[in-house]
Structure formats: structure tokens, C-alpha cells
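Written out below as C-alpha cells is the structure these notes cover.
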Amino acid sequence: MVASECASLSGSAVSTVALPTLAVLELHASTTQIATLAFLGQLPNAVVALPAGALSDRHAKRPQMITADLTAAAALSTIPAAAFAGVLGIGQLYAVAVILGITKIVHGAAAISYLPVLVEPHLLQGANSRLGAASSVADSAGSNAGAALVGAVGTARSLLADVLSYLISALLVWRIRTPEPVAAPAEGRRSLVRDIWEGLRYVAGQPMIRTVIGALSTLSFGLAIMNTYWAYHLFVGLHVSPTAFGVIMGIGGAGSLAGALLAPRIASRIGLGPTIIIGFAVSPLAQVPLLLAGPGLRWQIALAGTLAVQLFWATASGASQRPLRQILCEPRMQAASTTVTAGARPLAAAAAGALVLCLGVRSTLAIGAALQIVPVILLLFSPVRALRDMPVPPSRTAVPRAREGAA
């Protein structure tokens with residue numbers, strides 16, 4: 001599973017460099033088109049996550065991951081084909097962004113629920129840390145490879161690397177032979193709507209999960225506002241080249257790798273809750289250089305350094321809160337948390353488009369950075385602050401109302 005996630009993420013990192021470059025520098029997308037592209041790419045988070053989580057709870061997860069990978073590969077392959085034929089337009093990027101968003105949600109919902117099938121609960125934090133470390137290496141390598149490929153073969157054709165990565169990911173998932181628990185017979189299952197509702201109710205009623213999800217959703221909204229125009233600001237406002245953009249992303253990936261490797265040690269030394277809180281607190285501070293930056297190599301080095309620090313703590317925090325959700329939540333509950341966390345991102349992209357028209361790009365980025373202070377306050381006045389060790393899984397204590405009848 002680690003190899004599969006690495007293959008997928010390394011290719012996606014190529015797309016992270018190639019797609020903004022394609023939209024901004026080759027298709028000359030306007031600020032409104034950039035916001036639309038971001039909105040459509042994030043829309044599946046609000047629409048697909050809940051059904052995907054409920055379906056992941058009911059059906060085998062491995063076929064879902066394989067299908068999602070193959071669909072993503074097919075969608076991405078249309079971009080270099082259209083570019084070769086000379087018919088590539090922003091409308092096709094819109095369609096591919098929607099499909100990639102859907103496949104990412106389906107794959108992610110199955111993957112986050114599949115790991116506990118492969119790993120015992122007390123090993124989840126270590127497994128997530130190792131998975132995060134391997135993924136960070138793949139992400140960093142993919143970003144640098146993306147920059148090199150854009151320069152060597154062109155933006156559109158560089159996406160073929162991502163197509164290949166999805167195919168490799170599907171093959172590696174297909175080779176996993178660990179049996180999954182047998183799903184309940186169809187006649188004994190509850191309705192899909194009821195599963196979704198119970199997932200939402202559980203998230204709202206579990207204090208620890210409710211706080212973490214509230215903080216994640218606020219942080220996600222602020223970051224989504226910034227990410228809508230982050231690449232645009234670097235390319236147009238700061239005159240960063242595609243190669244330099246890839247190097248910045250690669251250095252950030254190196255910080256993410258260090259955070260993943262050190263996450264268990266950090267959490268054991270200062271506690272699980274403080275690790276999560278520090279990860280949130282670093283994010284708004286890391287945006288300050290971006291808001292002050294101008295063109296030039298010195299600012300590019302500063303941006304790369306602060307991105308590395310931000311992703312170091314973000315990954316360490318994620319390696320702590322991800323197993324927390326895996327222990328406390330079933331798949332449909334994880335999907336509910338994903339929907340609450342990421343469902344506002346399309347609204348954030350739309351808000352970013354409106355803010356840019358009124359205030360400009362830099363002021364919009366500043367608003368997105370300011371919003372990231374809110375989750376830090378939420379966490380400081382919550383049970384998460386006192387959390388030192390991973391909690392006991394609910395199945396070993398009392399069964400929450402959302403799990404009644406699950407047997």
C-alpha cells in the first residue's frame with residue numbers, strides 16, 4: 001500500500017507543477033478562470049465524500065482504489081492528446097479537474113479505511129508516519145521531476161508521468177492480497193442515507209473529533225483561498241519560472257519528509273495534542289514571507305524555506321491526527337469528517353475569485369492567511385490541548401450511538 005500511495009503521489013506532484021503552468025503560462029487563464037478551475041477541482045469534496053465513505057464502509061476497498069486510479073489515468077491522458085492535436089482549452093482542464101477530484105476522494109476514502117485492515121490499532125501512528133515519510137519523498141521527487149519534465153518535454157506531455165503513476169498505483173493495489181472483512185449481506189444493511197446521517201451525527205457528538213474537524217475545516221478554508229492564487233501569484237506577481245516553482249515545491253517536500261520521519265518522536269516527547277496544535281500554529285506564520293515577497297532569488301529561497309517549515313509541522317501534525325481519526329471513526333464517519341473539512345473548499349475558491357476582483361491577489365492571500373489563526377484558538381480551548389497519548393478505540397470501551405447495531 002505504501003508503494004501504491006508513493007506512486008500515485010509522485011505523479012500527482014508532477015501535475016501540481018504542470019497544471020498551474022499550463023493554465024497560467026500556456027492557456028493564459030484569467031483570474032476568474034483560475035478561480036473556476038480551483039472551484040471545480042474542489043467541488044467533489046462537498047458532493048462525493050459522504051457517499052464515498054458510506055460505500056467504502058459497505059464494499060471492498062481495494063477495487064474502489066483500483067477503479068479510481070484507472071479513471072484518473074484515463075482522464076489525465078486526454079490533456080497531452082488534446083495538446084498534440086492543437087485543441088486543448090480551459091474547458092477541458094475544468095472537466096479533468098472534476099474527474100481527478102472525484103477519483104481522489106474515492107481513492108482516499110478507501111485508503112484511509114484500508115490501512116486499519118492491514119495494521120493493528122496500536123501500530124497505526126507508526127504506520128501513518130512511515131506512510132507519510134514515503135509519500136513525502138515521492139511528493140518531493142515528483143515536484144522536482146515535474147519541473148524538469150516541463151522544461152524538457154513541455155507542460156502537457158509532462159502529465160504522461162502522472163498517467164503512468166496512476167497505472168503503477170493500480171497495479172500495486174491489485175497485488176495486495178490481505179483479505180478484507182466480509183461486508184454485511186445486502187438485506188441486513190441500513191440505508192446509505194442513514195449511514196451518512198449517522199456519520200455526521202457521530203462527528204458532531206464526539207468532542208475530540210468535533211474539535212479536530214472544526215479546526216481542520218477552518219484551516220482548509222483559509223488554505224483553499226490562498227491555494228487558489230498561490231501558483232498564479234508566484235508565476236505572474238513574483239515572476240517565478242516553472243523550474244524554480246518545482247524546486248520550491250521540492251524543498252517543501254523535503255520538509256514534509258522530515259516531519260513524517262520525526263512525527264512519532266515529537267509526539268512522544270511533547271504529546272499528541274501539542275504536536276497537532278503546533279502544526280496548526282505554524283501555518284499562518286509561514287504565510288508572512290509570501291505576503292511580503294517580491295521578485296528575486298532571495299525571496300524564492302525564503303519562500304522555499306518557510307514552505308519546508310510549514311510542511312514539516314503540517315506533516316507531523318497530520319501523522320498525529322490521522323490515526324486519531326482512524327481509531328475513533330468508521331469509514332462513513334471518516335467520510336463525514338472529510339466532507340466537513342474539505343466541503344467548504346469550493347466555497348473558498350469562489351470567495352477567492354470574488355475577493356480578487358475587489359481587493360487584488362495579495363490582499364486575498366492575506367485574508368486566507370488571517371483565517372488560519374482561528375483553528376489555533378479553537379484547539380487551545382479544547383480537549384486536544386491535554387491529549388498526550390493515542391486514545392483507546394471505542395470498541396474497547398463504550399459503543400457510541402452511531403455504532404449501535406454495527407455487529
Env charge @ L100, Cβ radius under 12 Å, K,R +1 / D,E -1, value -1
Residue-span extension gain [F84 to V47] - 0.36 nm each, minus C-alpha spacing: 10.0 nm
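Order these by the 10 Å Cβ neighbour count, fewest first: H107, H233, H28, H239.
H28, H239, H233, H107
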Summed side-chain charge close to L88 - residues other than L88 whose Cβ falls under 15 Å, Lys, Arg +1, Asp, Glu -1: 0
Per-residue HN-Hα couplings for the stretch 221-236, Karplus 6.51 cos²θ - 1.76 cosθ + 1.60 at θ = phi - 60°, whole Hz, x for Gly and Pro? 5, x, 5, 5, 4, 5, 5, 4, 10, 4, 5, 4, 5, 5, 5, 8
Charge context of S268, other residues only, Cβ under 12 angstrom, K/R +1, D/E -1: +2
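Each value in this text was obtained by applying a stated rule to the coordinates, not by laboratory testing. What you are looking at is a predicted structure, and each value in this text was computed from that prediction instead of being measured. Please note: Cβ atoms are built from the backbone with ideal geometry, for glycine as well, and neighbour counts cover all protein chains shown.
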